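Visitor: The structure's right below; bear with me while I get my questions together.
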Amino acid sequence: MRSILIYFLQICLLKVGPERVPSNAKVVASIFGLYFLIAMASLIFTRPDIALAMKALIIIIGFALEAGLIYALLLFKSMSHRYLSTIGALLGTNALLLISLMPLELMAYSLGEGLLTDIFITLENIIFFWWLLIVGFLLHRSAGISIIQGTMIAFLIELVVVIITNPLIS
């Protein structure tokens, strides 16, 4: 378990790509299960106003959109054989970043307005931009595109996810 955690941390630091994540559906399903639990915990703590079933639906729809759009990109680039390892790496790094975001979000939303809240929100934005870079790096390594292209595609994927899931939150 420790070696898996270290590997995902190395991906987050852009030191290694998704190549070593097993291209095995059972492994990816296990990583998804862990990601789902962490994402649910994050939403439970940071968005208590949303019903539990709606939280699960938001996570599943968001993942399905990300997974589908990444598959389309890899299929277009004739790299679909890298799909499972790419998704596994994406889920693992997303889980780590969600863990790092949870305390910041809890602090930002519990403090009310003020300088400290602004600092926590700024840190959240920095982590979001780092996430875009990580996904761009993963797409660079798996689809053979530039990191800038991958980062822009990551941003567009996230934009689609937000547009589609936002009505579920309101």
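Visitor: Please compute the net charge surrounding residue 79, taking Lys and Arg as +1 and Asp and Glu as -1 over other residues with Cβ under 13 Å from its Cβ. Mind showing how you got there, number by number?
Guide: On the way: positive: 77, 82, 141; negative: 19.
Cβ neighbours under 13 Å give a net charge of +2.
Visitor: Match the structure shown to one of the listed values (1) 10, 37, 37, 14, 2; (2) 8, 29, 35, 22, 6, 0; (3) 9, 24, 24, 26, 12, 4, 1, 0, 0 of P(r) over Cα pairs in 10 Å bins from 0, in percent, computed from it, and give that label.
Guide: (1)
Visitor: Towards the positive end of the charge dipole of the chain, with charges on Cβ (+1 Lys, Arg; -1 Asp, Glu), say which of 154, 99, 11 has the farthest Cα.
Guide: 11
Visitor: Along Cα→Cβ, 7 Å out, is where each label goes; now give me the distance between the ones at residue 116 and residue 155 in nm to one decimal.
Guide: Taking the two extended label points, one gets 3.3 nm.
Visitor: What accessible area per residue, rounded to a whole number of Å², is obtained for the range 25-168 using a probe radius of 1.4 Å?
Guide: 52
Visitor: Shifting gears a bit: Only four residue types carry charge here, +1 at the Cβ of Lys and Arg and -1 at the Cβ of Asp and Glu. Report the dipole size of the chain about the Cα centre in Debye, rounded to the nearest 20.
Guide: Dipole of the chain, to the nearest 20 debye: 740 debye.
Visitor: Taking only C-alpha pairs under 8 Å that are 6+ residues apart, what is the relative contact order of the chain in percent?
Guide: 30
Visitor: Shifting gears a bit: Of the accessible area of the range 25-168, with the probe set at 1.4 angstrom, what percent is carbon plus sulfur?
Guide: Taking all protein chains in place, the range 25-168 shows 76 percent carbon and sulfur surface.
The values are calculated or read from the model by the stated rules, or taken from the named source; none is laboratory data. Since we're looking at a predicted model, the values are computed, not measured. Backbone-built Cβ (ideal geometry, glycine too); neighbour counts: all protein chains shown. Heavy atoms of the whole protein, side chains included, go into the accessibility calculation; ligands, DNA and RNA do not. Shrake-Rupley method; radii C 1.70, N 1.55, O 1.52, S 1.80 Å.
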